């Protein structure tokens with residue numbers, strides 16, 4: 001959810017910039033950027049570990065390309081997160097996720113966003129023995145025209161479990 005809010009916020013900024021670019025030159029301006037950020041969170045819970053809490057430490061890397069023209073802004077990119085969750089019972093989880101995203105804003109007030117997400121968690125005992133794996137897949141798409149949502153499509157998240165836990 002945090003990622004979706006971030007994408008929507010960034011896309012809104014880009015869509016507003018498109019309106020001011022309408023009078024700009026016809027040549028496309030291409031910008032590439034990579035942003036690396038630390039990830040941390042405490043109090044994490046998982047239905048496979050009832051009564052146990054975890055602390056996450058990791059890194060997020062967003063790589064994106066922006067193409068600006070006189071009538072639109074198009075952004076494509078990938079966010080790759082990796083890290084480890086240490087659980088209060090001594091277990092730990094190696095995690096990772098990948099998001100492929102794109103959004104386009106036009107001077108005519110249309111904004112289109114698509115995001116494909118997959119993540120995993122490999123759970124281990126305190127001794128390093130593999131316990132099980134969780135994966136999750138999600139695809140989302142929405143279109144906004146003149147501030148009105150005109151299309152929403154979410155492929156419901158699909159969790160998969162390999163090994164011992166199936167909550």
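The values are calculated or read from the model by the stated rules, or taken from the named source; none is laboratory data. Quick caveat: nothing in here was measured; it's all calculated off a predicted structure. With ideal geometry, Cβ positions are generated from the backbone for all residues, glycine too; neighbour counts draw on all protein chains shown.
For this structure, a couple of remarks:
- Residues in the stretch 122-147 that are within 14 Å of residue 162 (Cα to Cα) and free of Cβ contacts under 8 Å to residues at least 40 places away in the same chain: 122, 124, 130, 133, 135, 136.
- Qualifying residue in the stretch 91-108 (condition: at positive phi and modelled with pLDDT of 95 or more): no
- Residue in the stretch 146-167 that is closer than 30 Å to residue 69 by Cα, in contact with a strand residue (DSSP E or B) (Cβ under 7 Å, 6 or more places away or on another chain) and either surrounded by 17 or more Cβ atoms within 10 Å (Cβ to Cβ) or at pLDDT 90 or above (or both) present: no
- Residue under evaluation residue 123, criteria (1) at pLDDT below 90; (2) in contact with a strand residue (DSSP E or B) (Cβ under 9 Å, 6 or more places away or on another chain); (3) farther than 26 Å from residue 30 by Cβ, criterion not met: (1)
- Taken over the stretch 45-61, the criterion of being under 21 Å from residue 128 (Cα atoms), modelled with pLDDT of 95 or more and surrounded by 14 or more Cβ atoms within 10 Å (Cβ to Cβ) is satisfied by 52, 53, 54, 55, 56, 58.
- On the stretch given as the stretch 62-106, residues that are surrounded by 18 or more Cβ atoms within 10 Å (Cβ to Cβ) and in a loop (DSSP other than H, G, I, E, B) total 2.
- If you go through the stretch 130-167 and keep only what is closer than 21 Å to residue 119 by Cα and part of a loop (DSSP other than H, G, I, E, B), you end up with 164, 165, 166, 167.
- Summed over the stretch 107-143, the residues that are over 19 Å from the mean Cα position of the chain (by Cα), within 21 Å of residue 70 (Cβ to Cβ) and crowded, with 17+ Cβ neighbours inside 10 Å give a count of 1.
- The one condition in (1) closer than 24 Å to residue 138 by Cβ; (2) at pLDDT below 50; (3) touching a strand residue (DSSP E or B) at 6+ places or on another chain (Cβ under 6 Å) that residue 36 fails to fulfil: (2)
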